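Rule-based calculations on the coordinates, nothing more; no lab input. Note that the structure is a prediction, hence the values are computed from the model and not measured. Here the Cβ is made from the backbone with ideal geometry for all residues, glycine too, and neighbour counts use every protein chain on show.
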Amino acid sequence: MQIAKFIMLSAVFILSILIGKYKSMQYTYRLKELEEIKNALNILKTKIKFTYEPIPNIFEELSQNSSNNIAMLFTKSKEKMKDKTASISWEEAVDETVCNLNNEDKCKLKTLSKLLRSYR
C-alpha cells in the first residue's frame, strides 16, 4: 500500500514539474515574439518615415529578417495585400497566424491596422 502511494505521489510531482516547465516555455516564447515584433515595428516605422518604400516590400524584408512565427505574420499580410488593403490584410494575418501571443497581444497588434488604412 505504501509503495502505491509513493508511486502516485512521485507521478503527481513529476507531472507538476513538466506542466510548469511547459507553461514557463510558453511565456519565454511569447516574450521573445513580443520583442521581435517590437523591433520589426520600429523598422517598419523608420522605413515608412524615411524611405517611402511600398508596404509590401517592407513586409517582405521584415519577413526575411524575422523568425518563423513573426515571419509568417508579415508574409501572410503581404500576400493578402494583393487583393485587399493593408489595413484589412494586417488584421486577417494577425488572426490567422499561429504564435505564442495571447488575445490581448493580438488586439494590440490589430490597432496597427488603423495606421495602415491609407496604404494599398
(request) Would you mind estimating how fast the stretch 1-54 diffuses translationally, via Stokes-Einstein at 37 °C and 0.692 mPa s with the Kirkwood radius over Cα pairs, in µm²/s? (result) 221 µm²/s
(message) Ranking request for peptides 101-113, 7-19: highest mean number of other beta-carbon atoms within 10 Å first, then the rest in descending order.
(response) 101-113, 7-19
(request) Quick one: of K49/K106; K21/K114; K23/K47, which pairs are farther than 30 Å apart, Cα to Cα? (result) K21/K114; K23/K47
(message) Could you check the spin-label model distance between I14 and N42? Points 7 Å from the Cα along Cα→Cβ, value in nm.
(response) 4.5 nm
(message) Using only DSSP helix segments of four residues or longer, with each worth -39500 (n - 2.57), what per-residue ellipticity at 222 nm results for the chain after dividing by its residue count and rounding to 500?
(response) -26000 deg cm²/dmol
(message) Using a 10 Å cut-off around each Cβ, can you sort F74, F6 from fewest to most neighbouring Cβ atoms?
(response) F6, F74
(message) Just to be sure I understand, if you calculate Rg and Dmax of the Cα atoms in Å for this structure, which of (1) 20.3, 75; (2) 14.6, 48; (3) 15.7, 59 do you get?
(response) (1)
(request) Find the relative contact order for the chain and round it to a whole percent, using C-alpha pairs within less than 8 Å whose residues are 6+ positions apart. (result) 22 percent
(request) Sticking with the crude label model, points 7 Å out along Cα→Cβ, report the distance from Y22 to L112 in nm, one decimal please. (result) 3.0 nm
